[in-house]
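For reference, the structure discussed in these notes is given below.
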Amino acid sequence: MNKTSVRLIPIIAATLALCSLWLVSTPVHADGLVAVVCPPVILPPGGPADVKPWATPVMPPGAPPVRITPQPPAPPRPFTCPNYLSVKNHDVTVTIDNQIARTRIDETFLNDSGYELEGTYIFPLPDDATIGGLSMWVDGKKLEGRVLERNQARQIYEEIVRRQRDPALLEYVGRNAFQASIFPIPPQSVKRIRIEYSQVLAADNGLVRYVYPLDTTKFSLKPLASVSINVMVHSDNGLKAIYSPSHDVSIVRQGTQSAQVGFEASNVRPDRDFVLYYSMSQEGMGLNLLSYQSGVEDGFFALLVSPNSELQTTRVVDKDVLLVLDVSGSMQGAKIEQAKRALNYVLDHLNASDRFNIIAFSTGTSSFASSPRPVSERDAAKQFVNGLKAEGSTDINRALLEAASVADAKRPTLLVFLTDGLATAGEVNSDRILANAIGAVPPNVRLFTFGVGDDVNTVLLDSLAERFRGASGYIRPNEKIDEIVSAFYAKTSLPLLTDVAMNWGGITVGDVYPYPLPDLFAGGQLVVVGRYRAGGSTTLTLEGNVNGSPQSFRLPNVTFQRNGGDDWIPRLWATRKIGYLLNQVRLNGESREAVDEIVSLATRYGIVTPYTSFLVDERQDVLSAAGRGGAAQALEKSIAPSAMPTSGAAAVQHSQQQSQLQNAGTAHFSDSEGIKWVADKAFILRNGTWTDTQFDPTKMKTTKVEFGSEAYYAMADNADWARFLALGTRVIVVINGTAYATTDDGSGATSSAAPTAVPIAPTVDPQPSSTPASAPAAEIASPAPIPLGDDWKNRAAMVGGGTLVLALVLAAVRQALW
């Protein structure tokens, strides 16, 4: 009997050459498993009579019906479709050297089936890509392939979409593609695949953007066992800001010209592309602006502020450090010993021109000195610290007033306040303690509070930190005081610019976060987000003080976009504003206006938090004004100060969650399967339809277009529209004020003229300010293309790998077997 043949079409969704700042107008996706497909069921040997063309499969929702051929005397047996290929690991190594990016992808796939698979890889190439050094290996063997022009590639994509009724590949329609063939992939075997490609990255005013496609939401049923991205960046012109708006990355700088950026995760389904920005400049302060505006709405911006190392060593601010430590009886044991180590760490890392003092408090206070002391007295201070004992009650009010009395109002001061309990002595009313501190602590003091354990007053500690432009942190019962305080001080030990403010030139700016702007420290960078009224060109000026002297840094000829830009900025801004509003309600009392705004922002931008879970509840109609009003009422009750504890594990958790939102470095994404994001839009699943959160069913009528029809593909011709259509066969999207609904039940238009496809906030590629020499030519030969013939029957399953998306198309059982 002939061996059953199948054809595997992995679509490599790596943007193989992302050569401009904006790179590609639509995201390209990677990795993972998308659908489940039943293979022909072959019984033990004997010939064609032993072949059951299809058993009764268990198919995912929305899959086309399968043909059942009864085989007397036994009825068809149930058969659950396996997931044929799974991605075991996905490792990406990127080297960016003076804007030449070389990307290498290593992946391991497992064929879980009992069938030998023939594979054909198709790489969709992004628009305006400059490809260099493209190559592919499987199990150490280099494979040959060819580049398909747009029409050939489009034929393949549309054929899969039409036959499989899976619109995910619409994002690739209209692209060139590269294809190569792999054979065989034995049953129950592992294949290791490596892809390498080079690209030229453009720079816009010294800012460079690199994108690696890692969004697998549409293609993945299984999580990836492990994902890692390692980027080495080098620029002869020096590096300033290094920032990822998409992922929480670790950044290790290696001198002024190089840095290593890393991201790792396990057992995850990546749901967004990896984006990395870095700026190049010899100036003392790096300032870079990114902006986005769509339609007539106010725009959004993100400002990256980063000093270089020369500025860090020549303009470090002379400061005082006041260490205020709770030594009440509850600190006995491991806590007091850890706290002592934390204080000794700070003492060991004072700058030569710094001064310090130590105040221990319980029922009363005990100070090392009556005024800040020079570093030369550090050894004596260590003896003072090592002699501290834990006993007595907790008088927080007295400790704060004592610290205020010894603070020098003329020098920048860091006040590190560490306590493990509630106020139990002296003034115990939190409102009066806060009022007393506001009246006594000088405005030059930055107050950083640390709550040890869960028995602390989070509202008081957070309020103190907010009022004095510091930050609050919590050391949970299973964490170590010395490790967390030491890590904090390492980030704040070298202040460079205090009393930071921005002059926005001729642009009207508002809703800026963080608010107020924090001091700038060496080794750190600020990411400031906000809104602007109208786009245009202007000069930005960063202002502040260095050792009492005013300093300013200018960014001339910067442009706020009038249309288009970086569409991740709105969600980051909304994330921070929601965190800010939640914190204001918790600290200062409920406000219906604030609650309404939280609900509106969460709905518009798809931000799901413990307080905004109504988005993924189909019983809550948040798409209408009435539905949002009901959600606001429920939210108001849940976050009212009377309903939220001020101390205990739940209070600490609330504080940490809201702080993460308020200080988010990346836009907030939910783990829920009921919400998706495309560009600056959010879609929630309602009655089996991915629905734009800007759609109001009480006010809008939909223009219906049938999935897979001529009108549908005419809409998909527009790259901006194709991104929305790719969500599924049933989508409602609001574009330029009109709601379009794709249908799959024959109720939509089929051959009528397609709606006018006006791009959504079109992205204009910037002119590169510096462009390195072109990378080497592609290394790939050109065998014949794969024809789309009768063996493209039945259904396809999507399997992804790396920057791959694998479209698995099962061939029908050969005619001889029927």
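The values are calculated or read from the model by the stated rules, or taken from the named source; none is laboratory data. Predicted model, so just to flag it, every value in this text is computed and none were measured. Neighbour counts are summed over all protein chains in view; Cβ atoms, including those assigned to glycine, are modelled from backbone coordinates with ideal geometry. SASA here: full protein model, heavy atoms, side chains in, ligands and nucleic acids out. Shrake-Rupley method; radii C 1.70, N 1.55, O 1.52, S 1.80 Å.
Right, R586: closer than 19 Å to R209 by Cα and in contact with a helix residue (DSSP H, G or I) (Cβ under 8 Å, 6 or more places away or on another chain) or not?
Working: closer than 19 Å to R209 by Cα: no; in contact with a helix residue (DSSP H, G or I) (Cβ under 8 Å, 6 or more places away or on another chain): yes.
No: the conditions fail for R586.
Let's see how each residue does on (1) over 21 Å from S306 (Cβ atoms); (2) of a type outside the set (F, W, Y):
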residue: Y515; (1), (2): no, no
residue: G548; (1), (2): yes, yes
residue: V558; (1), (2): no, yes
residue: L581; (1), (2): yes, yes
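Quick test for you: out of V316, V305, V324, V275, pick the one residue that is within 30 Å of S672 (Cα to Cα) and not polar (S, T, N, Q).
Numbers: V316 fails: within 30 Å of S672 (Cα to Cα); V305 fails: within 30 Å of S672 (Cα to Cα); V324 fails: within 30 Å of S672 (Cα to Cα).
The match here is V275.
Taking only pairs six or more apart or across chains, which ones have beta-carbon atoms under 6 Å, a first residue in segment 451-473 that is under 18 Å from N588 (Cα atoms), and a second residue that is open to solvent by less than 10 Å² (accessible area, probe 1.4 Å) and among the small types (G, A, S)?
Filtered contacts from segment 451-473: T458/A651; T458/S655; L461/G451; D462/S655; A471/A465; S472/A465.
Scan segment 483-532 for residues that are open to solvent by 30 Å² or more (accessible area, probe 1.4 Å), closer than 22 Å to Q584 by Cβ and part of a loop (DSSP other than H, G, I, E, B) and jot them down.
Result: P514, Y515, P516, P518.
Working only within segment 428-446, note down all residues that are over 30 Å from D482 (Cβ atoms) and among the charged types (D, E, K, R).
Answer for segment 428-446, where residues must be over 30 Å from D482 (Cβ atoms) and among the charged types (D, E, K, R): D431, R432.
Restricting attention to segment 552-566, does a residue exist that is out of contact with any strand residue (DSSP E or B) (no Cβ under 7 Å at 6 or more places or on another chain) and open to solvent by 20 Å² or more (accessible area, probe 1.4 Å)?
No, segment 552-566 contains no residue that is out of contact with any strand residue (DSSP E or B) (no Cβ under 7 Å at 6 or more places or on another chain) and open to solvent by 20 Å² or more (accessible area, probe 1.4 Å).
Checking the structure you have, find out if any residue of segment 707-720 is modelled with pLDDT of 50 or more, open to solvent by 30 Å² or more (accessible area, probe 1.4 Å), in contact with a Pro (Cβ under 9 Å, 6 or more places away or on another chain) and closer than 29 Å to Q99 by Cα.
Just the residues of segment 707-720 that are modelled with pLDDT of 50 or more, to begin with: 707-720.
Next, only the ones that are open to solvent by 30 Å² or more (accessible area, probe 1.4 Å) stay: 710, 714, 717, 719.
Narrowing the set further to residues that are in contact with a Pro (Cβ under 9 Å, 6 or more places away or on another chain) leaves 714, 719.
Imposing the further condition that a residue be closer than 29 Å to Q99 by Cα reduces the set to 719.
Looking for residues that are modelled with pLDDT of 50 or more, open to solvent by 30 Å² or more (accessible area, probe 1.4 Å), in contact with a Pro (Cβ under 9 Å, 6 or more places away or on another chain) and closer than 29 Å to Q99 by Cα, one finds at least one in segment 707-720, hence yes.
Would you confirm, using the coordinates I've provided, whether N357 is at pLDDT below 95 and outside any helix (DSSP H, G or I)?
Values: at pLDDT below 95: no; outside any helix (DSSP H, G or I): yes.
Criteria not met by N357.
Take segment 144-195 and flag every residue that is among the aliphatic types (A, V, I, L, M), modelled with pLDDT under 75, outside any helix (DSSP H, G or I) and open to solvent by less than 60 Å² (accessible area, probe 1.4 Å).
Across segment 144-195, the qualifying residues are V173, A177, A180, I182, I185.
Can you tell me which of S279, S306, S266, S291 is at pLDDT below 90, open to solvent by less than 40 Å² (accessible area, probe 1.4 Å) and part of a strand (DSSP E or B)? Step through it out loud before you land on a result.
Details: S279 fails: at pLDDT below 90; S266 fails: open to solvent by less than 40 Å² (accessible area, probe 1.4 Å); S291 fails: at pLDDT below 90.
Just a single option satisfies the conditions, and that option is S306.
Which members of segment 479-523 meet the condition of being out of contact with any strand residue (DSSP E or B) (no Cβ under 8 Å at 6 or more places or on another chain), hydroxyl-bearing (S, T, Y) and closer than 30 Å to M331 by Cβ?
S486
Take the residues of segment 663-688 that are within 19 Å of R628 (Cβ to Cβ) and of a type in the set (S, T, N, Q): which is surrounded by the fewest Cβ atoms within 10 Å (Cβ to Cβ)?
Filtering first and then ranking leaves N687.
Take Y580 and tell me if it is in contact (Cβ under 8 Å) with a residue 12 or more places away in the chain, open to solvent by 20 Å² or more (accessible area, probe 1.4 Å) and touching a helix residue (DSSP H, G or I) at 6+ places or on another chain (Cβ under 6 Å). Walk me through it before giving the result.
On the way: in contact (Cβ under 8 Å) with a residue 12 or more places away in the chain: yes; open to solvent by 20 Å² or more (accessible area, probe 1.4 Å): yes; touching a helix residue (DSSP H, G or I) at 6+ places or on another chain (Cβ under 6 Å): yes.
Spelling it out, Y580 is indeed in contact (Cβ under 8 Å) with a residue 12 or more places away in the chain, open to solvent by 20 Å² or more (accessible area, probe 1.4 Å) and touching a helix residue (DSSP H, G or I) at 6+ places or on another chain (Cβ under 6 Å).
Scan segment 229-241 and give yes if some residue there is in a loop (DSSP other than H, G, I, E, B), among the small types (G, A, S), at pLDDT 90 or above and surrounded by fewer than 22 Cβ atoms within 10 Å (Cβ to Cβ), otherwise no. Even if it seems obvious, please write down each step before you answer.
Restricting attention to segment 229-241, the residues satisfying the condition of being in a loop (DSSP other than H, G, I, E, B) are 235-238.
Among the residues that remain, those that are also among the small types (G, A, S) are: 235, 238.
The next check asks that each one be at pLDDT 90 or above; those that pass are 235.
Next, only the ones that are surrounded by fewer than 22 Cβ atoms within 10 Å (Cβ to Cβ) stay: none.
Scanning segment 229-241, I find no residue that is in a loop (DSSP other than H, G, I, E, B), among the small types (G, A, S), at pLDDT 90 or above and surrounded by fewer than 22 Cβ atoms within 10 Å (Cβ to Cβ), so the answer is no.
Output the residues belonging to segment 248-263 that are in a loop (DSSP other than H, G, I, E, B), surrounded by fewer than 16 Cβ atoms within 10 Å (Cβ to Cβ) and within 17 Å of the chain's Cα centre (by Cα).
D248
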